[in-house]
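The values are calculated or read from the model by the stated rules, or taken from the named source; none is laboratory data. Note that the structure is a prediction, hence the values are computed from the model and not measured. Cβ placement follows ideal geometry from the backbone for every residue including glycine, while neighbour counts extend to all protein chains displayed. Surface areas here come from the heavy atoms of the whole protein model, side chains and all, with no ligands, DNA or RNA. Shrake-Rupley method; radii C 1.70, N 1.55, O 1.52, S 1.80 Å.
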Amino acid sequence: MRVKLANLIATWFGCGYAPKAPGTAGSVAALAIGIALHEFAGFGQWQFAVLAALTLIPAVWAAGVTAVSSGLKDPQFVVIDEVIGTWIAMAGAISYNWKSYLAALALFRLFDIWKPIPVRQLEALPGGWGINLDDVMAGVYAALVLFAAGRFNLY
């Protein structure tokens, strides 16, 4: 039961089983939820940051349990880290529209794939911490760029 619950959370309710680009599938699912939360519940910067922070501890647990049960250090089907990173990126938006949504997604995926310092180094942390914290940092980089772009009215 514990492993099934961890797997459900870690794969973001199955998004991680997408046959192509499971990380992007998890990010797109997080973006869709984020858009709905903004449009229907009025979420903004503060709320997206809190949502990501509250999701982190369950994500660390779920990713760690799933990694151990699968025998893989960082299973590709674990996408809860992409969910958190996407929500952190969305927290950087000054205004919310199709351009900021697209920019949040693209910037997060860019930093997640590129892995500039210290994103790659955070992967070395043990268990669920290493699986999640590199994406947290990629999300922070994306949020900073998105915030700066918003200050220059680029979206």
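Quick check: anything in the stretch 30-41 touching a Cys at 6+ places or on another chain (Cβ under 7 Å) and within 18 Å of Phe108 (Cα to Cα)?
No, because not a single residue in the stretch 30-41 is touching a Cys at 6+ places or on another chain (Cβ under 7 Å) and within 18 Å of Phe108 (Cα to Cα).
Can you pull out every residue in the stretch 79-121 that is farther than 17 Å from Asn153 by Cα, more than 11 Å from the chain's Cα centre (by Cα) and not aromatic (Phe, Trp, Tyr)?
Within the stretch 79-121, Ala106, Leu110, Ile113, Lys115, Pro116, Ile117, Pro118, Val119, Arg120, Gln121 meet the criteria.
Which count do you get for residues in the stretch 1-50 that are in a loop (DSSP other than H, G, I, E, B) and farther than 18 Å from Gly64 by Cα?
Of the residues in that region, 7 qualify.
Checking Ala32 against (1) within 26 Å of Glu123 (Cα to Cα); (2) without any contact (Cβ under 8 Å) to a residue 60 or more places away in the chain: exactly one of these is not met. Which one?
Of the numbered conditions (1) within 26 Å of Glu123 (Cα to Cα); (2) without any contact (Cβ under 8 Å) to a residue 60 or more places away in the chain, the odd one out for Ala32 is (1).
Does the stretch 4-27 hold any residues that are open to solvent by less than 70 Å² (accessible area, probe 1.4 Å) and aliphatic (A, V, I, L, M), and which are they?
Answer for the stretch 4-27, where residues must be open to solvent by less than 70 Å² (accessible area, probe 1.4 Å) and aliphatic (A, V, I, L, M): Ala6, Ile9, Ala10, Ala18, Ala21, Ala25.
Which of the residues belonging to the stretch 145-155 are touching a helix residue (DSSP H, G or I) at 6+ places or on another chain (Cβ under 9 Å), surrounded by fewer than 23 Cβ atoms within 10 Å (Cβ to Cβ) and part of a helix (DSSP H, G or I)?
Correct list: Val145, Phe147, Ala149, Gly150.
When you look at Phe43, is it in contact (Cβ under 8 Å) with a residue 12 or more places away in the chain and either surrounded by 19 or more Cβ atoms within 10 Å (Cβ to Cβ) or in contact with an Asp or Glu (Cβ under 6 Å, 6 or more places away or on another chain) (or both), yes or no?
Considered against the rule, which asks whether it is in contact (Cβ under 8 Å) with a residue 12 or more places away in the chain and either surrounded by 19 or more Cβ atoms within 10 Å (Cβ to Cβ) or in contact with an Asp or Glu (Cβ under 6 Å, 6 or more places away or on another chain) (or both), Phe43 comes out as no.
Could you tell me how many of the residues in the stretch 124-139 are open to solvent by 50 Å² or more (accessible area, probe 1.4 Å) and without any contact (Cβ under 8 Å) to a residue 60 or more places away in the chain?
Qualifying residue count, the stretch 124-139: 3.
Looking only at helices (runs of 4 or more DSSP H) that lie completely in the stretch 63-123, which have at least 1 residues being at pLDDT 95 or above, among the acidic types (Asp, Glu) and open to solvent by 50 Å² or more (accessible area, probe 1.4 Å)?
Answer list for the stretch 63-123: none.
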